[in-house]
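Read the figures in this text as sums done on the coordinates, not as results from a lab. As the structure is a prediction and not an experimental result, all values here were calculated from the model. Note that we place each Cβ from the backbone using ideal geometry, even for glycine, and neighbour counts take in every protein chain shown.
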Amino acid sequence: MFRMIVLPILNLSILLNIGMLQANEPGKGATTEDTLPRMIELVKQEVSKKYLGAKIDLTGSIRWIRGSVPTELGAVKVLDETPRGEVRFFVTDADTGLSSEAWTGVAAWVPALVATRRIHPGEKLSRDLFTIQPVNVAAGQAREFRGLILSPESDVSTLEARQTILEGQFLMTTAAQRSPDVRRGDAVTIQLIGDGMTLSTAGMAEEPGYLKGQVRVMTTKTKRQLVGQLTSQGVVEVKL
């Protein structure tokens, strides 16, 4: 009777010891709690390839549509994304080779210049008209126009508003244009150059113009229209 009781206890002890050794083998003790944080980081890395320079965050829970978190993490790849800021990805189990698929929400944050008040068309821009705020380019309007968002490092003092910019709206390249060096109606000095001689006369710009660019002008006295190059502030050279 004594032997019948002792032998099962000894066998159980051996089995427990074997189980403990197996659990402590390198690479065999991973759990979903260990794998999940690493998987999240890999998903963020994959998403960052689509939004270069953006700070990536996962904004929602992971919703598995096939499989679940693998015990031994393998490859992770983003399969699809939506305008609502969601991505579908798959992940493989390095041990079994099986793959799983899931959806999760993402945010891709980039710095942008955001207007502090309403800015009117033609108004000269300055740095104090904007604050730098993070904008999520993975969803909504910012996603649609993410390639047009003006970098906060841009020198806005050389620009003017091309259209109305609403308070709270991020500045886009399509909403601003370079400020002209001479505007329509500005007084200019027209230098008439020809046959080794240069004559100067007063005139007026007929259109906006930029340094080193062509601009149409009109002489004040004769009302003659000419086209010349704006060589310096308020000076237009016309070659006859």
Restricting segment 105-164 to residues that are among the basic types (Lys, Arg) and under 16 Å from Gln177 (Cβ atoms), the residue that is farthest from the chain's Cα centre (by Cα): Lys124
Restricting segment 43-57 to residues that are in a loop (DSSP other than H, G, I, E, B) and among the charged types (D, E, K, R), the residue that is nearest to Val87 (Cα to Cα): Lys50
Leading residue by the ranking (nearest to Val217 (Cα to Cα)) among those in segment 176-204 that are touching a residue at least 24 places away in the same chain (Cβ under 8 Å) and small (Gly, Ala, Ser): Gly203
Total residues in segment 46-74, condition hydrophobic (A, V, I, L, M, F, W, C) and either without any contact (Cβ under 8 Å) to a residue 12 or more places away in the chain or surrounded by fewer than 16 Cβ atoms within 10 Å (Cβ to Cβ) (or both): 3
Candidate set: segment 139-168, residues that are among the hydroxyl-bearing types (Ser, Thr, Tyr) and outside any loop (DSSP other than H, G, I, E, B); chosen: the one surrounded by the fewest Cβ atoms within 10 Å (Cβ to Cβ): Ser157
Matching residues in segment 111-141 - criterion: being over 23 Å from Glu81 (Cβ atoms) and touching a helix residue (DSSP H, G or I) at 6+ places or on another chain (Cβ under 9 Å): Leu113, Ala115, Thr116, Arg117, Ile119, Glu123, Lys124, Leu125, Ser126, Arg127, Leu129, Phe130
Selection count, segment 187-240, where residues are under 44 Å from the mean Cα position of the chain (by Cα) and either of a type in the set (Ser, Thr, Tyr) or at positive phi (or both): 5
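Would you confirm, using the coordinates I've provided, whether Gly185 is surrounded by fewer than 16 Cβ atoms within 10 Å (Cβ to Cβ) and part of a loop (DSSP other than H, G, I, E, B)?
yes
Of all the residues that make up segment 80-92, how many are more than 20 Å from the chain's Cα centre (by Cα) and surrounded by fewer than 19 Cβ atoms within 10 Å (Cβ to Cβ)?
Within segment 80-92, residues that are more than 20 Å from the chain's Cα centre (by Cα) and surrounded by fewer than 19 Cβ atoms within 10 Å (Cβ to Cβ) number 3.
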